[in-house]
Amino acid sequence: MKSFKQLALAAAVLAAPFMAQADLKAMDDSALSGVTGQDGISISGSFNGSIGSIVYSDSETVGSTTTTGSLRLETVSFTGFDILDSDPLKIDVIDGGASGDKLQISLPSITGQLEVGAIRVGDSSAASIGSLAVNNMNMSGSTIKVWGH
């Protein structure tokens with residue numbers, strides 16, 4: 001009985017490529033003229049994350065004295081950044097003419113929220129001067145083109 005099961009499994013594995021081609025049909029020129037191809041890639045999904053802190057530092061010299069200051073954005077989080085299947089981020093190679101091909105990134109509408117829990121001027125022990133929230137960012141219609149030179 002065991003060898004019969006192994007034989008049936010082997011037969012099924014060997015028959016799989018033939019079954020995959022079972023629906024292929026020849027097309028004549030008139031049918032092919034209505035077929036279009038697509039290129040590029042589309043990206044959709046939900047993105048969430050957090051950043052412990054973002055620190056901007058600046059040094060300034062007045063006379064012989066150098067002082068360094070900093071701005072700290074702490075407890076940064078982004079949630080619910082959704083890119084829908086119906087309006088994805090699109091990446092495509094476009095004809096750049098004389099300058100050569102370019103990578104084009106088309107940005108969709110992106111929903112979500114960015115929050116900064118604390119904003120501090122100085123080091124991490126300084127009192128927070130507030131927080132920040134960015135809601136309903138919409139970059140729809142924006143494009144970025146990338147190429148080497």
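The values are calculated or read from the model by the stated rules, or taken from the named source; none is laboratory data. On a predicted model such as this, the values are computed, not experimentally measured, just so you know. Glycine also receives a Cβ, built like all others from the backbone with ideal geometry; neighbour counts cover every protein chain displayed.
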Quiz item: Within the range 49-87, how many residues turn out to be surrounded by fewer than 10 Cβ atoms within 10 Å (Cβ to Cβ) and among the hydrophobic types (A, V, I, L, M, F, W, C)?
Solution: 1
Quiz prompt | Filter pass, Ser124 being of a type in the set (Ser, Thr, Tyr) and without any contact (Cβ under 8 Å) to a residue 60 or more places away in the chain | solution = no
Quiz item: Of all residues in the range 62-107, how many are under 26 Å from Met137 (Cα atoms) and out of contact with any Asp or Glu (no Cβ under 9 Å at 6 or more places or on another chain)?
Solution: 15
Quiz item: Going through the range 108-127 one residue at a time, which ones are of a type in the set (A, V, I, L, M) and modelled with pLDDT of 85 or more?
Solution: Leu114, Val116, Ala118, Ile119, Val121, Ala126, Ala127
Quiz item: In the range 60-86, how many are out of contact with any Phe, Trp or Tyr (no Cβ under 9 Å at 6 or more places or on another chain), small (Gly, Ala, Ser) and at pLDDT below 85?
Solution: 0
